[in-house]
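Nothing in this text is a laboratory measurement; each read-out follows from the coordinates by a stated rule. All values derive from a computational prediction rather than experimental measurement. We place every Cβ from the backbone using ideal geometry, glycine too, and count neighbours over all the protein chains shown.
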Number of protein chains: 2
Amino acid sequence: MDVDTRLLRYFRTVAEEGNLSRAAERLFVSQPALTKQIRQLEDRLGTRLFTRSKHGMALTGPGEALAAAVPAVLDAWDGARRAVRAAEAEASQVLRVSFLASAANEKTQPIIADFRERRPGWRVELRQASWGDPIAALVSGEVDAAFLRLPFPRQDEFASLALLTEPRCVAMAAGHPLARRESLRFADLLDEPFVAAPDAAGAFRDHWVAADARGGREVRVGAVTEHPDDWLTAIANGDGIALAPVSAARYYARPDIAYRDLDGVEPSTVALVWPKRHPLPAPLADFIAAARTHAD
Amino acid sequence: MDVDTRLLRYFRTVAEEGNLSRAAERLFVSQPALTKQIRQLEDRLGTRLFTRSKHGMALTGPGEALAAAVPAVLDAWDGARRAVRAAEAEASQVLRVSFLASAANEKTQPIIADFRERRPGWRVELRQASWGDPIAALVSGEVDAAFLRLPFPRQDEFASLALLTEPRCVAMAAGHPLARRESLRFADLLDEPFVAAPDAAGAFRDHWVAADARGGREVRVGAVTEHPDDWLTAIANGDGIALAPVSAARYYARPDIAYRDLDGVEPSTVALVWPKRHPLPAPLADFIAAARTHAD
DNA sequence: GACATCCATAACCTCAGGTTATAGATACAG
DNA sequence: CTGTATCTATAACCTGAGGTTATGGATGTC
């Protein structure tokens, strides 16, 4: 009997949740799709994996046996994909790094140059990460590392090296009344609508609306964006204001956007992020070593 | 990225064969289906796994990395299924055993009774195996063991315990001219058409047409059958004759079939067969122990 | 007893995994 | 040098799988 790892992920999530409806939400499929898939897995294995009740789904003995065994299957496949990726990097001599916004600002190119000195013939391919899911390419193995700003989703599952920290400022439409002032305090902004990342970004989004500096008050959301271009456009249109690292004034200078110094919010830290795994592929280890020499 | 183990088996077979057309034959799919699936795997992994030429398919570096890693994935899934099956046997207290024809003849029931003494509350569920692929249920894990006659396909991949050996006779239509004789020599049968198993059964089929006793001459095939009922019908109809264990006269007695003693062919051995694996689930180990006490 | 929440089924839709037919490329033999 | 054989790739087509929405049945709680 063959099986798709998708089906095993479905099973694992149902086992963890104990409830089809919640598991379906986590998996971004409808509940009937999930119930059908779980039933199909049971039919093909020829045994019940769950008992069903009003309280949800409880694992049977065989279900527990499968729940114990599934991580090994999924980990083996993850390992296989990583082995393929490492071999492909070796063959093509390309390290893939995803990034958000301005990556590591002015440190980006020196890091890459340092790496190329350590690995003649190699190059670094930079790829834009999705704001809604900045670690997707890391998780899937499409990239080897990423320049991300702390915090990011599932941060404890990855290793990271802080490269630089810079203050955060506020970005607003050039014609915004507050744009007349050279400097602002965060307290001045509590009632302003914000351009924010999607809810799904969790702590990442909280960080960029400075949720911890609001004394429990909810942020007013003027627009939700997932890409820097959309983010800039929404700001320029006056849909809302946004916190930004001060380097944004350099990397995203536009006549219709004003950046103003800001007190009262935590600074922003850029880190190089990579999967927690031992041993690391040698080229990735070299890239990390190069980054370390340029870290603050 | 998710993957189906079917796709990994396709990849592995192509890697082994180095040729899509031959791999497609082994996998019982068409060559265009296989080329499409391999291409899809490459697209999803984002790298070439094979180089193509007139000589066929050669693995690339990433392809070799995947070829090295795939057994771990497939073995992990096999292990998961076995764990589920063992848990299910434990929960239901049922041992599943497949068999061909008359299983272990008169030894079958004493073995089962002995096992039930060792494991009160347990029972044995007997399931007919396919003649064309007698080990399918063993391979898939649907059964825990099987009563099979030696030789059987992929025999070296399984453990076995010979239970009994009996002479082979010849079965023929009751009206067959040779039915007048009480006893025959195999040399008398060389020109007779035979009722045979499918070619795919390999050594199993060779055994039952006594290929090794024919001095290199091909057998004349009067009919190909995959089930005992079809086999008996073909013999009774005079489509051909067949070698049979002498117990067939007891278990498959019919007025329209004559069984005659035969000299000049090897006897037939029934064995209990189970997967080579350590450790064995305790219930299966008990069944094997029970069978051992009843072996010749 | 009404409502909320759980899983299951029905009906439907789109696309994936297979087929056959055939094309293009290339190596080899005559 | 040409024809043939054999390799992989593509096109067109078909059936069934994996998803959806709508809804049903069961059950627990207030």
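For chain B, excluding the exposed loop sites themselves (trypsin sites (Lys or Arg not before Pro), DSSP loop, at most 15 other Cβ atoms within 10 Å), the longest remaining stretch covers B:55-153. With neighbours defined as other Cβ atoms within 10 Å of a residue's Cβ, the residues A:Leu8, B:Leu178, A:Leu280 order from fewest to most as B:Leu178, A:Leu280, A:Leu8.
Summing Cβ point charges (Lys, Arg +1; Asp, Glu -1) relative to the Cα centre of the range A:5-81 gives a dipole of roughly 260 debye. Bridges between two residues of chain A, per DSSP, are antiparallel at a rate of about 60%. At q = 0.09 Å⁻¹, what is the base-10 log of I(q)/I(0) for the protein assembly as shown according to the Debye formula with one equal point scatterer per Cα and no solvent? Please give it to two decimals. Result of the Debye calculation: -0.88.
Once you reduce the range A:188-257 and the range B:196-238 to the center of their Cα atoms, the two points are 78 Å from each other.
Think of the range B:40-189 as a dipole: +1 on every Lys or Arg Cβ, -1 on every Asp or Glu Cβ, centred on the Cα centre; then among B:Ile111, B:Phe158, B:His55, B:His55 lies furthest on the positive end. Shown in residue order for the range B:228-233 are the 3J(HN,Hα) couplings computed by the Karplus curve 6.51 cos²θ - 1.76 cosθ + 1.60 at θ = phi - 60°: x, 4, 5, 4, 4, 4 Hz (x for Gly and Pro). Note: relative contact order over the range B:142-216, using C-alpha pairs below 8 Å and six or more positions apart, is 40 percent. Using a ≥ b ≥ c from the Cα gyration tensor of the range B:15-105 (square roots of the eigenvalues), is it rounded, prolate or oblate, where a/c under 1.5 gives rounded and otherwise the larger of a/b and b/c decides, a/b for prolate? Since a/c reaches 1.5 and a/b is larger than b/c, the shape of the range B:15-105 is classed as prolate.
Over the range A:26-79, the alpha carbon radius of gyration divided by the compact-protein estimate 2.2 N^0.38 Å works out to 1.24. The ranking of B:Ile135, B:Ile235 from fewest to most other beta carbons within 10 Å of each one's beta carbon is B:Ile135, B:Ile235.
Each Cα pair under 8 Å and six or more residues apart adds its sequence gap; the mean of these over the residue count of chain B is a relative contact order of 21 percent. Think of each Lys and Arg Cβ as +1 and each Asp and Glu Cβ as -1; about the Cα centre, that makes the dipole of the range A:118-168 roughly 260 debye. Derived scalar couplings between HN and Hα for the range B:110-120 equal x, 5, 5, 4, 4, 4, 5, 5, 6, 10, x Hz in order, rounded to whole Hz, by the Karplus curve 6.51 cos²θ - 1.76 cosθ + 1.60 (θ = phi - 60°), x for Gly and Pro. Straight-line cross-link partners of B:Lys36 among the lysines, defined as a Cα under 26 Å from its Cα and at least 8 positions apart when in the same chain: B:Lys54. Sorted ascending by nearby beta carbons within 10 Å, beginning with the fewest, B:Thr47, B:Thr269 become B:Thr269, B:Thr47. Here's the list of lysines a cross-link from A:Lys276 could span, going by alpha-carbon distance under 27 Å and ignoring same-chain residues fewer than 8 apart: A:Lys107.
Rounded to the nearest 0.05, the FRET efficiency derived from the C-beta distance between A:Val94 and B:Lys54 at R0 = 41 Å is 0.85. Report the Rg/Rh value for the range B:168-266, based on alpha-carbon coordinates and the Kirkwood definition of Rh. Using only Cα positions, Rg/Rh for the range B:168-266 is 0.92. Each other copy places its own label point for B:Ser140 at 3.4 nm from this one, sorted shortest first, where the point lies 7 Å along the Cα-to-beta carbon line. The charge dipole of chain B, taken about its Cα centre with unit charges on the Cβ atoms of Lys, Arg (+1), Asp and Glu (-1) only, comes to about 520 debye. The C-alpha atoms of chain A define a longest principal axis, and helix A:61-92 lies at about 50 degrees to it. With the cut-off at 1.5 for a/c, could you classify chain A from its C-alpha gyration tensor as rounded, prolate or oblate? Because a/c hits 1.5 or more and a/b fails to exceed b/c, chain A counts as oblate. Shortest first, A:Glu192 label-point distances to identical copies amount to 9.9 nm, with the label point at 7 Å from Cα along Cα→Cβ. The relative contact order of the range B:168-266, computed from alpha carbon pairs under 8 Å that lie at least 6 residues apart in sequence, is 52 percent.
The spread of Cα positions in the range B:54-178, taken along each principal axis and listed from longest to shortest, comes to 62, 50, 21 Å.
Convex hull volume per residue, computed on the Cα atoms of the range B:202-249, equals 89 Å³. 3J(HN,Hα) along the range A:238-255: x, 5, x, 10, 8, 6, 8, x, 4, 5, 4, 4, 8, 7, 10, 5, 9, x Hz, from the Karplus curve 6.51 cos²θ - 1.76 cosθ + 1.60 with θ = phi - 60°, whole Hz, x for Gly and Pro. What is the Cα centroid distance between the range B:61-91 and the range A:16-83, reported in whole angstrom? The range B:61-91 and the range A:16-83 have Cα centres spaced 17 Å from each other. For B:His55, the distances from its label point to the matching points in the remaining copies are 6.5 nm, ordered from shortest, with each point set 7 Å beyond Cα toward Cβ.
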